[in-house]
Amino acid sequence: MSQCPYHDPFKEARREKPVMATEFDGEPVAMLIGLKEVRKAARDHETFSSDAPFRVPIPREEDVRTVRQYPLEVDPPVHTEYRKIVEPFFRRATKPEYIEKMETLVDELVVDAVNRDSIEIVREFAIPLQSRALTFLLNMPESEADIWIQWGTHVFRDESGVSKGHEMEAYTNDLFDKAEANPGDDFFSALTQAEFQGRKLTRDEMQGYANIAFAGGRDTVINTISMVIAYLAEHPEALDALRDNPKLVTSATEELFRYASPVTHLGRMCPVDTDVHGVKVEAGKLISLNWAAANFDETVFDDPETVKLDRRPNPHIAFGNGAHNCLGAPHARLIVRTLLKKLSQHAASISITTAHRKVEKEADYERRNAFHTLDVTIEPRDA
């Protein structure tokens, strides 16, 4: 057990009430910050709707993409139909052959990192790992990862915050053109062949799926990988515990996702005037479901700011909750489980040489939830 170095900026507000009045993009937003309240709202799509194109991610994204994201920005029952189209790809992460490929990939990258004098984790480890792993998920040639690696830490914005979403959309449009001309068994070909309610998907719908596969399934995992490695560096006893008891890997994975909570929150739109635990929300306005705050709710988690690798039960909602729970959760879990396993096998210790943390700054809070850069030295275990 060890103290979590990442501050929970919602602690005091959560002790007062389960909702925090704040603002985003210059508009008032009621932010739910208690786990029970977040979970209940996530399951109530009639009161808190995801049918709000470009507004579910916060900040809103009209400036970085041109299409609605599927199935994220639609409500049940059509959400269920849209989700079923791509679920087979995301279930592949539970198959033995997929797990074996991931083990080989992570082992290769960890061994390379151990053999270096030092390594910058974000760009030299996390981005290549998730980019190459994503080719497994989408059943694409691994060479495509070379393109995705060049996108950096975010597919929609560069380091200065300038939009670059048009580049990704141009790239995926080209993939759809090629798939329509010569279909294969990859994600993009499947979308060109898929039907929704008896008709072919439109190109905008296909693009909406591609958006969520890259934006939702890539950047968050990159951030989680870097945060997990930083945690093991700052808490060497955790690496020792995993080495001494490999059965800890599964519960440790869940606990580290709770602690990292790579997605702070997502928006929902109120179709009618709504009272949200005493905060009045007008029709058409947003609320926020704050997964990160919920995952540190002291009424649910004993000593939530302490990372307990054997925490059970662990009802965290780092992957969301309800109908919109993360499609990529099995893939993300597999990456972190495999990373913990391989680091405990090959690394004696991890030392941070330099670290530049990202700070998510909003009107009423600041949260450290990722790294711009993370330079480490990994000492190999004796043969």
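Of all helices (runs of 4 or more DSSP H) completely enclosed by region 221-300, which ones contain at least 3 residues that are surrounded by fewer than 23 Cβ atoms within 10 Å (Cβ to Cβ)?
Once the helices (runs of 4 or more DSSP H) in region 221-300 are filtered for at least 3 residues that are surrounded by fewer than 23 Cβ atoms within 10 Å (Cβ to Cβ), what remains is 236-244, 248-260.
Could we say that G184 is small (G, A, S), touching a Lys or Arg at 6+ places or on another chain (Cβ under 8 Å) and part of a loop (DSSP other than H, G, I, E, B) here?
No.
Go through region 324-345 and give me each residue that's farther than 22 Å from F90 by Cβ and surrounded by fewer than 18 Cβ atoms within 10 Å (Cβ to Cβ).
Of everything in region 324-345, just one residue is farther than 22 Å from F90 by Cβ and surrounded by fewer than 18 Cβ atoms within 10 Å (Cβ to Cβ), namely Q345.
Using the structure shown, decide if T153 is among the polar types (S, T, N, Q) and at pLDDT below 95.
Here the answer is yes, as T153 does meet what is asked.
For the structure I just gave you, tell me whether E180 is at pLDDT 95 or above, farther than 19 Å from R132 by Cα, surrounded by 13 or more Cβ atoms within 10 Å (Cβ to Cβ) and touching a Phe, Trp or Tyr at 6+ places or on another chain (Cβ under 8 Å).
no
Name the residue that is farthest from R60 (Cα to Cα), counting only residues in region 131-181 that are out of contact with any helix residue (DSSP H, G or I) (no Cβ under 6 Å at 6 or more places or on another chain) and aromatic (F, W, Y).
Y171
If a residue must be more than 14 Å from A210 (Cβ to Cβ) and either among the charged types (D, E, K, R) or within 19 Å of the chain's Cα centre (by Cα) (or both), how many such residues does region 75-87 contain?
5
So that you can scan it fast, the table gives a plain yes or no per residue for (1) outside any loop (DSSP other than H, G, I, E, B); (2) out of contact with any Phe, Trp or Tyr (no Cβ under 9 Å at 6 or more places or on another chain):
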{"site": "H7", "(1), (2)": "no, yes"}
{"site": "M20", "(1), (2)": "yes, no"}
{"site": "A30", "(1), (2)": "yes, yes"}
{"site": "E61", "(1), (2)": "no, no"}
{"site": "R68", "(1), (2)": "no, no"}
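Scan (1) surrounded by 22 or more Cβ atoms within 10 Å (Cβ to Cβ); (2) within 29 Å of S351 (Cβ to Cβ); (3) polar (S, T, N, Q) for the single condition Q207 breaks and write down its number.
(2)
Just to check your reading of the model, which residue among R55, R43, R14 is out of contact with any strand residue (DSSP E or B) (no Cβ under 6 Å at 6 or more places or on another chain) and within 19 Å of C326 (Cα to Cα)?
Within the list R55, R43, R14, the selection yields R43.
When only residues in region 187-220 that are assigned to a helix (DSSP H, G or I) and under 30 Å from D310 (Cβ atoms) count, which is modelled with the highest pLDDT?
Filtering region 187-220 for residues that are assigned to a helix (DSSP H, G or I) and under 30 Å from D310 (Cβ atoms), the one modelled with the highest pLDDT comes out as T220.
Just for region 346-367: of the residues that are of a type in the set (D, E, K, R) and out of contact with any helix residue (DSSP H, G or I) (no Cβ under 9 Å at 6 or more places or on another chain), which one is surrounded by the most Cβ atoms within 10 Å (Cβ to Cβ)?
Ranking the qualifying residues of region 346-367, first place goes to E362.
May I ask you to list the residues in region 237-266 that are of a type in the set (S, T, Y) and free of Cβ contacts under 8 Å to residues at least 12 places away in the same chain?
Residues satisfying the conditions do not exist here.
The values are calculated or read from the model by the stated rules, or taken from the named source; none is laboratory data. Please read these numbers as outputs of a predicted model, since none were measured by experiment. Cβ coordinates were reconstructed from backbone atoms using ideal geometry, including for glycine residues, and neighbour counts include every protein chain displayed.
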